[in-house]
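Novice: If you scroll down you'll find the structure; I have some questions about it.
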Amino acid sequence: MKAALPRPLHAAALTAAVAAALATATPPARADAWSHKDIADALHAVMESDRTVYTRLIVNRLQNEEKVIKASEHWKDDKALVLPAQMFRYGSEMVAEKGARFTYALISEWPVNKQNAAKTEVEKDGLKAVAANPAQPYYKEETLGGKKYFTAVYPDRAIAKACISCHNDHKDSPRKDFKMGDVMGGVVLRLPM
């Protein structure tokens, strides 16, 4: 399924997509030859890398290894670091404010924050699929509000002690037995078709 990129998506996605694609397998020769899957995979590669760097090199190091400062969902009041999930959401909100025509969010079958629960059947099916087979992202087309989207769900794993302690110790967490490497939820990314 090859489709030309919508103009507003082109500039935003192209920068991120090119960077990710250059680091992986041979990308299509021209950006207009990229499929929705290619674009989603490239955007996710950038998102996952940025989130991993923040989680491991900032939060885990400063909170768990050096014990200099904690991360907190009430980071302003607590004078603490922003949680990795909050950093991801703030980035998503900023992308939306810039008028990007794609969206992304963290979702989970066990959300600490109930607004991060899967809402559509594609999201629910995607979470089940990536939990069962984390090596394989889930791709599906769906129609929401009369508009057709290419939707991708990628596994969101526990990559640091900070992930595990936050979720396992949180009073609102419906699951308290996460271990390193476990799929804790997913990243849902939607591109208009």
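Derivation of every value follows stated rules applied to the coordinates shown; laboratory data play no part. Quantities reported herein were computed from a predicted structural model and do not represent experimental measurements. Here Cβ is always computed from backbone atoms with ideal geometry, including for glycine, and neighbour counts include all displayed protein chains.
Novice: Arrange the following residues from fewest to most other Cβ atoms within 10 Å of their Cβ: 94, 47.
Specialist: Final ranking by Cβ density, sparse to dense: 94, 47.
Novice: Right, here's the next one. Please go through the residue pairs 37/176; 124/148; 67/98; 76/161; 70/124; 114/179 and name each one whose alpha carbons sit more than 26 Å apart in this structure.
Specialist: Numbers: 37/176 34 Å; 124/148 18 Å; 67/98 36 Å; 76/161 22 Å; 70/124 32 Å; 114/179 21 Å.
Where the Cα-Cα span goes over 26 Å, the pairs concerned are 37/176; 67/98; 70/124.
Novice: Rounded, prolate or oblate, given the Cα gyration tensor of region 64-136, with a/c below 1.5 counting as rounded? Walk me through the intermediate numbers first.
Specialist: Details: a/c = 2.27, a/b = 1.45, b/c = 1.57.
Oblate is the answer for region 64-136, as a/c is 1.5 or above yet b/c matches or exceeds a/b.
Novice: Cβ under 9 Å from residue 109's Cβ, residue 109 left aside: what net charge do those residues give with Lys, Arg +1 and Asp, Glu -1?
Specialist: +3
Novice: Further, regarding this structure: For each of 123, 93, 48, count neighbouring Cβ atoms within 10 Å of the residue's Cβ, then give the residues from fewest to most.
Specialist: Lowest count first: 93, 48, 123.
Novice: Something else: Find, among the trypsin sites (Lys or Arg not before Pro) in region 71-136, those assigned to loop by DSSP (not H, G, I, E, B) with at most 15 other beta-carbon atoms within 10 angstrom.
Specialist: Those that pass, being in a loop and sparsely packed, are 79, 98, 119.
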